[in-house]
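Notes for the one structure printed next.
Every read-out reported here was derived from the displayed coordinates using simple, explicitly stated rules and does not represent laboratory data. Please read these numbers as outputs of a predicted model, since none were measured by experiment. All Cβ positions, glycine included, derive from the backbone under ideal geometry; neighbour counts span all protein chains shown.
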Amino acid sequence: MRILITGANGQLGSALGEVFGYETVIPKDLPDFDLTRPTVEEEVVGSTPDLIIHAGAYTDVDGAERDPDLALAVNATGTEQIARAAVRLGVRLVYISTDYVFDGKQRTAYREDDNPRPINRYGFSKWKGEQAVLTSGARALVIRTAWLYGSVGKNFVKSIMRAAQSEGILKVVDDQSGCPTYAGDLAAAVASLVAKDVEGVIHVTNRGQCTWYEFAQAIVREMGFCCSVIPITTKQAGRLAKRPPYSVLSPDRLASMGLALPEWSQALARFAKVAHIPLGSSL
């Protein structure tokens, strides 16, 4: 099977390459493959894959507020081209989406059939991408995940690791709750869902929930750093984009297939064993 993976050099794309085997992967990523180009559909069709996993995205949440047109060009219009290519090829399409399609106003875990109501430009652009996939006529699976981290690329875990090397006190938001998800676990789940021929929408995260503050505390503890973590509010953090205060995704549909992921704290502990870095090194 030839598997075309967009965002192949990112944290999930790299993990997918390891899970599926690089010899089966047709990697697509910047700078050679740009989702804002009008030639995306033809580039994908010309690659003749048997399966498309669309993990490439514009993921800068605050940056999307500053440049919403770019976020839409990548996450919505680019995704629409990918979906058209899947239809033309007659192949399955897996689209990676986000918990940020929800507004965070409810206090029970979001299920797949809950109505998306994004409150920031990034979430809106990913929701438009979901719509493009689900209305395209492609045999499609939309996977919503959250708080993703891994050994490749930028993420919260690596930011905390970097800051903890040089700062005695870390101030982290304690009024946003979600589901930290290890890219390796997500990639393994994607492979299982592909094998089971699952379609529609499904939520895939590590089990359990925490706040960013609780997540940071666990990172510092697991990595053995000597610094204090102080809770602050979203308002005190002063970020440009609004964040949903509660974006926990229900794992029930995934669990019903026998594919429940490990608890987030267990996944972090596994990651910590391979993620230690020398003082002053680049992340």
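Tabulated data
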quantity	calculated
Tensor-based shape of region 117-186 (alpha-carbon gyration tensor, a/c under 1.5 rounded, otherwise prolate or oblate)	prolate
Extension gain, Thr39 back to Arg270 (0.36 nm per residue minus Cα-Cα distance, nm)	79.1 nm
For Cys226, Cys179, order by how many other beta-carbon atoms lie within 10 Å, fewest first	Cys226, Cys179
Equivalent-ellipsoid semi-axes of region 135-283, from the Cα gyration tensor, Å, largest first	30, 18, 13
Overall dimensions of region 59-145 as given by Cα atoms, namely Rg and Dmax in Å	13.2, 41
Highest average packing first - 130-137, 255-262, 143-150, 156-163, Cβ atoms within 10 Å	143-150, 156-163, 130-137, 255-262
Residue among Tyr110, Thr211, Gln165 farthest towards the positive dipole end of region 103-211, charges placed on Cβ	Gln165
Neighbour net charge for Ala76 - beta-carbon separation under 12 angstrom, K R +1, D E -1	0
Lys, Arg +1 and Asp, Glu -1 on Cβ, resulting dipole of region 100-250 about Cα centre, debye, nearest 20	460 debye
Expected 222 nm ellipticity per residue - DSSP helices of 4 or more, -39500 (n - 2.57), all of the chain, to 500	-11500 deg cm²/dmol
Computed lengthening from Lys105 to Arg88, 0.36 nm per intervening residue step minus Cα-Cα distance	2.2 nm
Relative contact order computed over region 1-99 (Cα-Cα under 8 Å; 6+ residues apart), in percent	34 percent
Cα pair count fraction exceeding 17 Å, expressed as % - region 1-66	41 percent
GNM top mover of Ser14, Ser192, Ser97 - the chain, alpha-carbon springs below 10 Å	Ser192
Lys pairs under 27 Å by Cα in the chain, provided they are eight or more residues apart or on distinct chains	29
Gyration tensor verdict on region 68-210 (Cα atoms; rounded if a/c is under 1.5, prolate if a/b is larger than b/c, oblate otherwise)	prolate
Under-5 Å amide H pairs with Lys171, H placed in peptide plane, nonlocal only	Ile230
Estimated FRET transfer efficiency when R0 is 25 angstrom, pair Thr233-Asn115 (beta carbons, to 0.05)	0.40
Rounded FRET efficiency, nearest 0.05, which uses the C-beta distance separating Ala260 from Asp62 and R0 of 35 Å	0.60
